[in-house]
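I have placed the structure first, in the form of structure tokens, so that the comments after it can refer back to it.
The values are calculated or read from the model by the stated rules, or taken from the named source; none is laboratory data. Here the structure is a predicted model, which is why all the values come from computation and not from measurement. Here the Cβ positions follow ideal geometry from the backbone for every residue, glycine too, while neighbour counts run over all protein chains shown.
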Amino acid sequence: MKKDNERNNWVATAPIIRLFLPIWDYVRMPRTSQNYKVNEMQSSSKPATPLHPRKRAILVGASSGLGAALAKKLTREGYTVALLARRKKLLTELCTFINSDGASHALAYEHDVTAYDKVPALLKRIITDLGGLDLFIFVAGVNFPPGLQKLNATDDIKMFETNTLGAIAWLAPVADLFKEARGGHIVGVSSVAGDRGRIGNPGYNSSKAALTTYLEALRNRFTRHGVHVLTVIPGFMDTDMVAAAQGATPFTIPPERAADDIFKAIKRRKQTVYTAPIWRWIMLAIKHTPSVIFRRLNF
Ligand SMILES: NC(=O)c1ccc[n+]([C@@H]2O[C@H](COP(=O)([O-])OP(=O)(O)OC[C@H]3O[C@@H](n4cnc5c(N)ncnc54)[C@H](OP(=O)(O)O)[C@@H]3O)[C@@H](O)[C@H]2O)c1
């Protein structure tokens, strides 16, 4: 009480400082469920009950690599997940592993993201199966490096069809649904490859650059409606995709570590996350390298 009086007297004599008090109060304010919704998640060790419902997520591209690691991480952290990809067998095995304690925290859906017209009905079906939706993650991606001799337009188009158009086919309807609900979290997995056009793989670079920009535009369009958008920018991860990469793969991390970084970024409501974090600084340097030098580099 004494402390409050002292503060009020002091404030009365300092009108300029008083102007900034609402900002200070906001900074000190304990974060409510509105600000840190994900913090409220129950650990999977606690049973799901009507009073402690599990959060619900859709993961597109979950059959291997980062998607599979994220599926395991999310279910451990209290989510029920719908897992989508083309390889149904892998998805079913993953669901069996996750649900081995007898619960049904993971559901499998066979889906090719280039079947764009199937998305609206499938989205509706999954939301009904899950009983709602809190988090949507688009992980699916393909990479067909053309080598340095000749470009391959067919492969470049395929990369756009999956990495960019497949993502848009899901992200747009999910964002509009979340807008109506005035809440929800969207995560899109892009790549450091999208930060700059390089000689090795123009198709992959530009498919991911377009995705990064699309996600930024969604963030700018939907934040005001309570929808949060996170752009994930991985460097190299030890998955099937990197096994097919050409050249050196420095700072490669296991997909489980990337999944941990992404989960932390979701909890902290970050806008962008580089994983491993060192890539933020590497790409800052690469993005600012003048074209006159960059054109002469062989990577
Ligand atoms: N590995 C890296 O070093 C690296 C670096 C930067 C960014 N990334 C990005 O990280 C994401 C995950 O890749 P990853 O490294 O985990 O490789 P991955 O093991 O090959 O995983 C790719 C995932 O995408 C799915 N997918 C591909 N085409 C699809 C389609 N048409 N329809 C539905 N699902 C499809 C695959 O499932 P199905 O084949 O079963 O359909 C698989 O689940 C990708 O977006 C990739 O571009 C990876």
- Is the range 217-231 home to any residue that is on the phi < 0 side of the Ramachandran plot, within 11 Å of the ligand (Cβ to nearest atom) and touching a helix residue (DSSP H, G or I) at 6+ places or on another chain (Cβ under 9 Å)? no
- Message: For the range 100-118, which positions are assigned to a strand (DSSP E or B) and of a type outside the set (A, V, I, L, M, F, W, C)?
- Response: 109, 110
- Picked from the range 178-196 (must be in contact (Cβ under 8 Å) with a residue 60 or more places away in the chain and either among the charged types (D, E, K, R) or surrounded by 16 or more Cβ atoms within 10 Å (Cβ to Cβ) (or both)), the residue nearest to the ligand (Cβ to nearest atom) is 189
- Looking for whichever is assigned by TED's automatic domain parsing to the domain that holds residue 71, among the basic types (Lys, Arg) and more than 20 Å from residue 185 (Cα to Cα) here; the options are 158, 124. Which one fits? 158
- Message: Could you tell me how many of the residues in the range 119-163 are under 30 Å from residue 79 (Cα atoms), away from the ligand (no atom under 16 Å from the Cβ) and in a loop (DSSP other than H, G, I, E, B)?
- Response: 4
- Message: Given the criteria assigned by TED's automatic domain parsing to the domain that holds residue 278, touching a Pro at 6+ places or on another chain (Cβ under 8 Å) and within 8 Å of the ligand (Cβ to nearest atom), does residue 239 qualify?
- Response: yes
- Message: Filter the range 118-140 down to the residues that are in contact with a Leu (Cβ under 9 Å, 6 or more places away or on another chain) and under 18 Å from residue 165 (Cβ atoms) and list them by number.
- Response: 122, 123, 136, 137, 138, 139, 140
- Note on the structure: Reported set for the range 145-188 where residues are more than 22 Å from the chain's Cα centre (by Cα) and not basic (Lys, Arg) is 145, 146, 147, 148, 149, 151, 152, 153, 154, 155, 156, 157
- Task: Taking residue 227 as the residue in question, decide whether it is buried (at least 19 other Cβ atoms within 10 Å of the Cβ) and out of contact with any His (no Cβ under 9 Å at 6 or more places or on another chain).
- Result: no
- Message: For the range 116-129, check the following and say yes or no: at least one residue is surrounded by fewer than 20 Cβ atoms within 10 Å (Cβ to Cβ), over 16 Å from residue 84 (Cβ atoms) and among the aromatic types (Phe, Trp, Tyr).
- Response: no
- Query: Among the listed residues 271, 246, which satisfies the condition of being assigned by TED's automatic domain parsing to the domain that holds residue 210, polar (S, T, N, Q) and closer than 29 Å to residue 135 by Cβ?
  - Reply: 271
- Task: Sort out which residues of the range 248-277 are out of contact with any Asp or Glu (no Cβ under 9 Å at 6 or more places or on another chain), within 13 Å of the ligand (Cβ to nearest atom) and assigned to a loop (DSSP other than H, G, I, E, B), and write them in order of number.
- Result: 248, 250, 251
- Message: Restricting to the range 70-84, count the residues that are in a strand (DSSP E or B) and within 16 Å of the ligand (Cβ to nearest atom).
- Response: 4
